[in-house]
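Notes to accompany the following structure.
The values are calculated or read from the model by the stated rules, or taken from the named source; none is laboratory data. Keep in mind it's a predicted model, so treat the numbers as computed, not measured. Quick reminder, even Gly has a Cβ in these numbers, built from the backbone with ideal geometry, and neighbours come from all protein chains shown.
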């Protein structure tokens, strides 16, 4: 299994100006550092929670089809393309009538319909490719993540590498968004 970022977010969920205001920084001397801390905070939360905060497109590659295919890095907003390499070695689009996209609950997944069969794939480690879009569309979740990112940036800015533990407020703000896949 492989997971590749196809289209990264176009911007960070917290702007440089917002982070500077939150950290009470009034000059421009630390702009590069604060921008890097914003990116670090976002990536930290995305890894820790197994989520995509801003909209981004991913491609999951598998050696074969499975009855249930879990999509990591949610919340998934759409499954854009399901493709496979057929027995002859040609790239094909999977027929959407074969599967159902389940975006309910914690586990976002593709489920083979009971009355259908997956097509035969070539014997290759990347025989199945699923391209999907993920990101937090929920406004309330966005507010929680925005604030959690701000607290992390402030923490990193104030303490640097001296304190590896994130502030408890970050855990409280994000605990309901952790994905277990």
For residue 73, only one of the following conditions fails: (1) crowded, with 18+ Cβ neighbours inside 10 Å; (2) in contact (Cβ under 8 Å) with a residue 24 or more places away in the chain; (3) over 16 Å from the mean Cα position of the chain (by Cα). What is its number? (3)
Looking at (1) surrounded by 13 or more Cβ atoms within 10 Å (Cβ to Cβ); (2) farther than 18 Å from residue 147 by Cα; (3) more than 17 Å from the chain's Cα centre (by Cα), which is the one condition that is false for residue 110? (3)
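I'd like to check something: does the range 117-124 contain any residue that is assigned to a strand (DSSP E or B), without any contact (Cβ under 8 Å) to a residue 60 or more places away in the chain and farther than 26 Å from residue 12 by Cα? Outline the logic, then answer.
Initially, the range 117-124 is screened for residues assigned to a strand (DSSP E or B), giving 121.
Those left that are additionally without any contact (Cβ under 8 Å) to a residue 60 or more places away in the chain: 121.
Okay, now just the ones that are also farther than 26 Å from residue 12 by Cα, so 121.
Looking for residues that are assigned to a strand (DSSP E or B), without any contact (Cβ under 8 Å) to a residue 60 or more places away in the chain and farther than 26 Å from residue 12 by Cα, one finds at least one in the range 117-124, hence yes.
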Of the conditions (1) under 30 Å from residue 155 (Cβ atoms); (2) in contact with a strand residue (DSSP E or B) (Cβ under 8 Å, 6 or more places away or on another chain), the single one that residue 1 does not satisfy is (1)
Residue that is under 14 Å from the mean Cα position of the chain (by Cα) and free of Cβ contacts under 8 Å to residues at least 12 places away in the same chain, where the choices are 29, 47, 24: 47
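For the range 127-149, check the following and say yes or no: at least one residue is over 27 Å from residue 44 (Cβ atoms), part of a loop (DSSP other than H, G, I, E, B) and out of contact with any helix residue (DSSP H, G or I) (no Cβ under 6 Å at 6 or more places or on another chain).
Among the residues of the range 127-149, at least one is over 27 Å from residue 44 (Cβ atoms), part of a loop (DSSP other than H, G, I, E, B) and out of contact with any helix residue (DSSP H, G or I) (no Cβ under 6 Å at 6 or more places or on another chain), which makes the answer yes.
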Test each condition in (1) exposed (fewer than 15 other Cβ atoms within 10 Å of the Cβ); (2) in contact (Cβ under 8 Å) with a residue 60 or more places away in the chain; (3) assigned to a strand (DSSP E or B) for residue 60 and report the one that comes out false. (1)
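Residue-by-condition table, conditions (1) in contact with a helix residue (DSSP H, G or I) (Cβ under 6 Å, 6 or more places away or on another chain); (2) modelled with pLDDT under 95; (3) closer than 18 Å to residue 127 by Cα; (4) not in a strand (DSSP E or B):
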{"residue": "40", "(1), (2), (3), (4)": "no, yes, no, yes"}
{"residue": "44", "(1), (2), (3), (4)": "no, yes, no, yes"}
{"residue": "48", "(1), (2), (3), (4)": "no, yes, no, yes"}
{"residue": "65", "(1), (2), (3), (4)": "no, no, yes, yes"}
{"residue": "77", "(1), (2), (3), (4)": "no, yes, no, no"}
{"residue": "84", "(1), (2), (3), (4)": "no, no, yes, no"}
{"residue": "101", "(1), (2), (3), (4)": "no, no, no, no"}
Sole residue being touching a strand residue (DSSP E or B) at 6+ places or on another chain (Cβ under 9 Å) and touching a residue at least 40 places away in the same chain (Cβ under 8 Å), chosen from 102, 86, 93, 80: 80
Which condition number in (1) buried (at least 18 other Cβ atoms within 10 Å of the Cβ); (2) within 17 Å of residue 76 (Cβ to Cβ); (3) touching a helix residue (DSSP H, G or I) at 6+ places or on another chain (Cβ under 9 Å) is the one that residue 19 fails? (2)
